[in-house]
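Just below is one structure, and these are the notes that go with it.
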C-alpha cells in the first residue's frame, strides 16, 4: 500500500475524501480502508487477475454494443492487460472482511482502472475523464453480478489449471508406487489389528483409487462453475443491460481465457445462491478425506524406526527434534493433514455462507471465494510438496514386511475351510498364548501335519480369490 504525506481530493456520491497522491485507487476504496481495517486477509493475485479479465471483457463487449467509444474501451483494455501482466498489485489493499456483496473491491478495481487509464490519456488521477469508474469501467455491470462472475472465473481457472494437474501428478505418483510395491507382501490390518495378507502395492492402489474418485467428482463441478452471473445486474432482472450482454460476455471470457464459460440459466439464482461453489468446496472436502486417510496410513507404516511398524521408510528431509539427536519426523504428512483439517473447516464456513442468500442477494461472497481459493491453493501446493518430498523417495522395508507376515496369526484364515472356524480359532489362540508360530501351534494341537500346513498356508495365494490372480 502506498505511503506518503501528500494527498489529492477524490469525490464520490458521499462527497470529498483525501486519497494518497501516489495511489491509483479513489474515494470508495479509501472509505473502505478507513472503515474495514480488519485482519490481514486480502484477495489473492489469482482473484484480482480474474477481475481484470472480466473488466477487459466488459470493455470489449460494451464497445461492440455501442456503449463505449473506442478510446475509452482501449484505455480500459490497456490497464487490464497491465494488471494481468502483474502490474499494480499494491493498488488493491482492501480486506476480505468488508461488504458482503464485494462492492468495495469491485469499486477498487474500477477506480484503479479509471485512474490509470486517465493517466495514460494524459489526464490527472481523480479527474474522472476520459474514464469514470462507474459510468465507463462499470458500465452494464452491478457489483452484485460482476463479483460472483469473478468468483466463478477465478475458481474455474484455479480448478482446471492448478488443482487438478497437482492431483493428477499425485495420482500418477501413487500409480508408480502401486507397481513398484506389487511384490511386497505384508500383514493386512482391520480395526488396527492383524488381518489376512495384502501387498503394499494393493494398499497404495487403494489410495490411488480414492484420489481418482475424488478427482472425478471435482471435475464434474466445472459445468456449474462455468455458468456466470453476469447479466443479472442488481437483482437478477438484467436492468440497464443489453439483451445480448450476458451471452456476449460469456463468449468473450471464453475467448480470452480458453475456458468454456456460459451464461447462468437463472440469474436470480446466480446472485442469491452460490451452490456451484458450495458443491465445489464440498468435493474439496471429499478429496481431503482421501488425502488424510492416505497420509495417516503412511505415518503409521513409517513409525519407528525401531519401536514402531517400520514397514516403509520416508525421506529424511530435516532434523526432527531440537533435543533428540538423529530424530526424523514425517513432516510432509503432518503438513498435508493440517491442510486437510483447514480445508474441512473452510467447508463448514462455505456451507454456512452459501445458505445466507436473503431474497435476491447472498451477502457472504467475499468469505466464500476467500475460502474456496485458499482451500484449492493449500491443497494444490500441499499435494505437490507431499509428492516431491515424501512419496517419490518412499521405500519399502522388505525385511520388516516379511517378518510381519511370518508372525501373523491371521494366516490361520486359510485353514478355516479345512479344519473349520472353531479349530482354526483354537490354533490361533494357542499360538498367541504360548508364543509359538502358527505352524508350531497347529502341529502341537495335531490339527494337521506339516506338509499339509505348508501346502495350505501360502500368503501369496491369499491375495486374491481362489482360481483368480493378483490384480
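The values are calculated or read from the model by the stated rules, or taken from the named source; none is laboratory data. All values reported here derive from a predicted model rather than from experimental measurement. Because the Cβ atoms are built from the backbone with ideal geometry, glycine has one as well, and the counts that use them run over all protein chains shown.
One residue alone among 33, 60, 75 is under 17 Å from residue 146 (Cβ atoms) and in a helix (DSSP H, G or I), and that residue is 60. Per the conditions (1) under 30 Å from residue 304 (Cα atoms); (2) part of a helix (DSSP H, G or I); (3) not assigned by TED's automatic domain parsing to the domain that holds residue 172, the sole criterion not satisfied by residue 422 is (1). Right, residue 257: within 27 Å of residue 374 (Cα to Cα) and surrounded by 16 or more Cβ atoms within 10 Å (Cβ to Cβ) or not? For residue 257, the condition - within 27 Å of residue 374 (Cα to Cα) and surrounded by 16 or more Cβ atoms within 10 Å (Cβ to Cβ) - is met. Looking across 210, 217, one residue alone is in contact (Cβ under 8 Å) with a residue 24 or more places away in the chain, under 26 Å from residue 151 (Cα atoms) and either part of a loop (DSSP other than H, G, I, E, B) or in contact with a helix residue (DSSP H, G or I) (Cβ under 6 Å, 6 or more places away or on another chain) (or both). It is 217. Would segment 131-138 turn up any residue that is under 24 Å from residue 259 (Cα atoms) and over 29 Å from the mean Cα position of the chain (by Cα)? Within segment 131-138, one or more residues are under 24 Å from residue 259 (Cα atoms) and over 29 Å from the mean Cα position of the chain (by Cα).
Answer yes if at least one residue in segment 133-155 is touching a helix residue (DSSP H, G or I) at 6+ places or on another chain (Cβ under 7 Å), under 18 Å from residue 295 (Cβ atoms) and modelled with pLDDT of 95 or more, and no otherwise. No, that holds for no residue. Do we find that residue 354 is modelled with pLDDT of 95 or more, in contact with a strand residue (DSSP E or B) (Cβ under 8 Å, 6 or more places away or on another chain) and surrounded by 15 or more Cβ atoms within 10 Å (Cβ to Cβ) in this structure? Yes, satisfied.
Restricting attention to segment 181-207 and to residues that are touching a helix residue (DSSP H, G or I) at 6+ places or on another chain (Cβ under 7 Å) and surrounded by fewer than 19 Cβ atoms within 10 Å (Cβ to Cβ), the residue that is nearest to residue 392 (Cα to Cα) turns out to be 182. Take the conditions (1) part of a helix (DSSP H, G or I); (2) surrounded by 18 or more Cβ atoms within 10 Å (Cβ to Cβ); (3) in contact (Cβ under 8 Å) with a residue 60 or more places away in the chain; residue 106 misses just one of them, which is (3). I'd like to check something: does segment 157-169 contain any residue that is crowded, with 16+ Cβ neighbours inside 10 Å, modelled with pLDDT of 95 or more, over 30 Å from residue 44 (Cα atoms) and touching a helix residue (DSSP H, G or I) at 6+ places or on another chain (Cβ under 9 Å)? The answer is no, given that none of the residues of segment 157-169 is crowded, with 16+ Cβ neighbours inside 10 Å, modelled with pLDDT of 95 or more, over 30 Å from residue 44 (Cα atoms) and touching a helix residue (DSSP H, G or I) at 6+ places or on another chain (Cβ under 9 Å). Could you check segment 290-311 and list, in sequence order, the residues that are without any contact (Cβ under 8 Å) to a residue 60 or more places away in the chain and surrounded by fewer than 18 Cβ atoms within 10 Å (Cβ to Cβ)? Those that are without any contact (Cβ under 8 Å) to a residue 60 or more places away in the chain and surrounded by fewer than 18 Cβ atoms within 10 Å (Cβ to Cβ): 296, 300, 303, 304, 305, 306, 307, 308.
Per-residue answers, yes or no, for (1) on the phi < 0 side of the Ramachandran plot; (2) in contact with a strand residue (DSSP E or B) (Cβ under 7 Å, 6 or more places away or on another chain); (3) crowded, with 21+ Cβ neighbours inside 10 Å:
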site	(1), (2), (3)
395	yes, yes, no
407	yes, no, no
413	yes, yes, no
418	yes, no, no
427	yes, no, yes
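Looking at segment 236-259, is at least one residue in contact (Cβ under 8 Å) with a residue 24 or more places away in the chain, closer than 30 Å to residue 154 by Cβ, in a helix (DSSP H, G or I) and touching a strand residue (DSSP E or B) at 6+ places or on another chain (Cβ under 8 Å)? Checking segment 236-259: at least one residue is in contact (Cβ under 8 Å) with a residue 24 or more places away in the chain, closer than 30 Å to residue 154 by Cβ, in a helix (DSSP H, G or I) and touching a strand residue (DSSP E or B) at 6+ places or on another chain (Cβ under 8 Å).
Mind counting the residues in segment 120-130 that are assigned to a helix (DSSP H, G or I) and more than 39 Å from the chain's Cα centre (by Cα)? Residues in segment 120-130 being assigned to a helix (DSSP H, G or I) and more than 39 Å from the chain's Cα centre (by Cα): 0 in total.
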